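A.B. asks: To start, I am sharing the structure in question, which I have written as structure tokens.
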Amino acid sequence: MSTTNPPPPDSPAEVNGDRHREQPEAYAEFEALHSAALQAAGLPRVYWRSLQHKISNEVFDAGEVFGIVQVQEDSEEDAPCRIIGSKVVVTRESGLRRDDPNSVFLVDHAWTYRTPYARQQLQEVPGLMPRMAALMGLDFHGEVPDPESVEEVLEEMWKYNQTYQLAQGSAEEKVPVWYIMDEFGSQVQHSDSPSCGLAPFFCVPEQVAYSVLWPLKDLDEGDEVTRDFAYGETNPLMRKCRLLPWKPADLDDVSSETTEPSDEYYLAIARENKEQLPVEVEPFTVPRDKVLKVYSELSQVSNNLTHPRFELTQNQEEADVIWAYDHIKDFRTLSEQRPHVILNQFPCESLLTVKDCLAAVSRRVKSDWLPLTFNLQTELPQFVRCFQTRAQRGEDNHWICKPWNLARGLDTHISNNLNCIIRQRESTPKVVCKYIEEPVLFHREEVGLVKFDIRYMLMLRSVQPLRLFTYNVFWLRFANREFSLDHFDDYEKHFTVMNYADGVQLKQIHYDEFIPLFEKQYPQYPWKNIEVPD
């Protein structure tokens with residue numbers, strides 16, 4: 001229905017019409033700020049003006065149209081009925097009309113959080129733990145959250161979680177946010193043929209998030225309000241997997257084996273990156289007496305490059321070496337006009353630097369250096385089958401979910417909860433890797449046995465022939481808490497990147513001090529044997 005059509009005379013929109021007309025500038029601003037988000041959510045334009053009015057005036061009128069009813073289990077005569085759940089139904093006598101511009105409703109959020117802080121908030125925010133337990137139908141009594149009850153909410157919440165992501169801000173600010181709708185929104189049940197749409201909406205001026213509910217068809221009094229928990233998913237097998245948190249199923253007919261994607265997968269990535277591939281150039285050897293001019297906007301280069309063979313320049317056009325910060329895309333022009341310029345990037349290097357591509361390409365080698373890895377966007381059924389098989393065998397089932405193209409542990413989560421891992425797919429594209437449950441640990445006297453990692457600097461000089469250089473002065477990073485296979489939301493126990501967070505201890509040991517300490521702790525593994533290339 002077009003917004004130019006007048007509403008029916010008795011429509012609530014007519015009552016509010018004067019107010020809409022009195023504030024045309026407010027609506028114009030609302031539409032300019034939010035039209036892209038509203039279109040992405042699938043909210044028909046007929047509802048936009050009413051939505052703006054309800055947000056501006058904080059109108060939460062869903063209670064006038066809907067109600068929550070308890071669902072009872074069928075029982076034999078004279079036997080007490082058992083409550084097995086709840087659902088939302090239309091309670092207004094006149095029902096709900098799809099073409100009514102006012103048939104759009106705000107749903108409040110009961111809890112909004114980022115995953116690393118969920119446990120702390122449940123323990124410390126007054127009233128949050130009792131509310132979440134009641135909303136999820138969990139048995140909790142008292143005011144002080146006990147560890148077992150908190151853990152139960154953390155396990156169960158993935159059946160209720162929804163997510164959104166801010167488009168602007170720092171990398172930390174753009175990490176996906178998870179939220180649980182209020183008691184009304186959380187009781188809207190799933191249907192493959194839903195009666196309503198329900199989507200998150202972030203109001204930019206107020207910096208407040210809501211969910212928005214609207215009918216997909218006309219509803220009469222008593223009709224149930226449902227939504228599609230796997231909205232937009234048309235692949236039957238993928239839908240089955242995405243609905244597993246609510247509709248258990250086995251995948252006995254699915255193989256957990258994965259193969260390298262087709263060439264089209266990589267071609268699609270190349271098209272998305274918009275890289276112009278270089279033409280073939282003749283090999284070039286730099287004269288030994290030539291001083292190379294280096295252009296770079298990175299302070300690490302300009303402040304530390306002091307070797308006499310190099311000279312910094314502010315003119316990129318005259319540079320022999322371009323050490324760029326931004327993604328170089330036009331390799332073709334550079335190869336045609338300046339075939340001997342040396343770059344710090346290779347065409348299509350995302351095949352190695354982005355996690356989904358790295359996992360896919362590494363399958364060519366068939367090596368055991370990479371833990372078992374699945375792409376949650378394309379290989380969810382294979383992962384679920386693998387998870388279920390490992391569970392049946394009693395094998396360890398802890399996994400780590402990592403965004404394709406983020407670093408520093410951002411939006412990275414460890415879990416043995418299948419529902420949690422499946423739902424991670426809805427935030428940002430991720431791979432899931434088998435978590436190493438018995439890692440090599442380093443003994444810190446003041447802490448105990450902790451995780452650590454080693455970062456080497458590598459330089460790929462050429463691909464054909466392959467020339468790769470390693471700098472044997474490596475950088476060490478340590479966890480701050482003793483390792484154990486629990487509390488996976490404890491960042492300082494399971495992660496080692498401590499140099500970006502305020503107020504967090506950063507443990508540093510120089511490489512030449514670390515080697516004798518390591519060899520003392522692991523005398524059967526001399527460092528020279530560990531560091532030697534295969």
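A.B. asks: Answer with a single label: of (1) 189; (2) 232; (3) 162, which was calculated as volume of the Cα convex hull per residue in Å³ from the structure in view?
C.D. replies: So the calculated entry is the one marked (2).
A.B. asks: What whole-number value in Å² describes the accessible area per residue of the chain for a 1.4 Å probe?
C.D. replies: About 58 Å² of surface per residue is accessible.
A.B. asks: Further question: Over the heavy atoms of MET157, what accessible area does a 1.4 Å probe trace out, to the nearest 10 Å²?
C.D. replies: Estimated to the nearest 10 Å², MET157 gives 10 Å².
A.B. asks: Using amide H atoms built 1.01 Å from N in the peptide plane, name the residues 5+ places from GLN189, or on other chains, whose amide H lies under 5 Å from its own.
C.D. replies: VAL88, ARG227
A.B. asks: So how exposed is GLU318, as accessible area in Å² (1.4 Å probe, rounded to 10)?
C.D. replies: Surface accessible to solvent at GLU318 totals approximately 80 Å².
A.B. asks: Any idea of TYR500's accessible area? Nearest 10 Å², probe 1.4 Å.
C.D. replies: So the heavy atoms of TYR500 present about 130 Å² to solvent.
A.B. asks: A further question on this structure: What does the charge add up to near LEU406, with Lys and Arg as +1, Asp and Glu as -1, over the other residues with Cβ less than 14 Å from its Cβ?
C.D. replies: Combined, the nearby Lys, Arg, Asp and Glu give +2.
A.B. asks: Using a 1.4 Å probe and counting only protein heavy atoms, arrange ARG45, ARG271 so the residue with the most accessible area comes first.
C.D. replies: ARG271, ARG45
A.B. asks: Moving on to the next point. Give the carbon-plus-sulfur fraction of the accessible surface of the chain in %, rounded to a whole number; probe 1.4 Å, heavy atoms of protein chains only.
C.D. replies: That fraction is 50 percent.
A.B. asks: Let me ask something else. Give the cross-link partners of LYS434 among the lysines, using a straight C-alpha distance below 17 Å as the criterion and excluding same-chain residues fewer than 8 apart.
C.D. replies: LYS355, LYS366, LYS402, LYS451
A.B. asks: In deg cm²/dmol and to the nearest 500, what is the mean residue ellipticity at 222 nm of the chain if only DSSP H runs of at least 4 residues count, each as -39500 (n - 2.57), divided by the residue total?
C.D. replies: Roughly -7000 deg cm²/dmol at 222 nm, from the helical runs in the chain.
A.B. asks: Another one. Determine the order of GLU264, GLU183 by accessible area, beginning with the largest, at a probe radius of 1.4 Å.
C.D. replies: Ranked list, largest accessible area first: GLU264, GLU183.
A.B. asks: Check each of the trypsin sites (Lys or Arg not before Pro) in region 387-450 and keep only those in coil by DSSP with at most 14 other C-beta atoms within 10 angstrom; list them in order.
C.D. replies: ARG408
A.B. asks: Hey, how many Å between the Cα centroid of region 335-350 and the Cα centroid of region 173-247?
C.D. replies: 47 Å
A.B. asks: For GLU395, GLU280, write out the residues from largest to smallest accessible area, computed with a 1.4 angstrom probe and no ligands counted.
C.D. replies: GLU280, GLU395
A.B. asks: While we're on this one: By a straight-distance test (C-alpha under 18 Å), which lysines pair with LYS240 as possible cross-link partners, with residues fewer than eight away in the same chain excluded?
C.D. replies: LYS159
A.B. asks: Exactly which trypsin sites (Lys or Arg not before Pro) in region 89-170 are in a DSSP loop and have at most 14 other Cβ atoms within 10 Å?
C.D. replies: In loop regions of region 89-170 (DSSP not H, G, I, E or B), the sparsely surrounded trypsin sites (Lys or Arg not before Pro) are ARG92, ARG114.
A.B. asks: Here's another thing I want to ask about it. Taking the alpha-carbon distance from LYS430 and a cut-off under 15 Å, which aspartates and glutamates remain once sequence neighbours fewer than 8 residues away in the same chain are dropped?
C.D. replies: ASP356, GLU379, ASP411
The values are calculated or read from the model by the stated rules, or taken from the named source; none is laboratory data. These numbers come from a predicted model, not from an experiment. Glycine also receives a Cβ, built like all others from the backbone with ideal geometry; neighbour counts cover every protein chain displayed. Please note that ligands, DNA and RNA were not included when accessible areas were found on the heavy atoms of the full protein model with its side chains. Shrake-Rupley method; radii C 1.70, N 1.55, O 1.52, S 1.80 Å.
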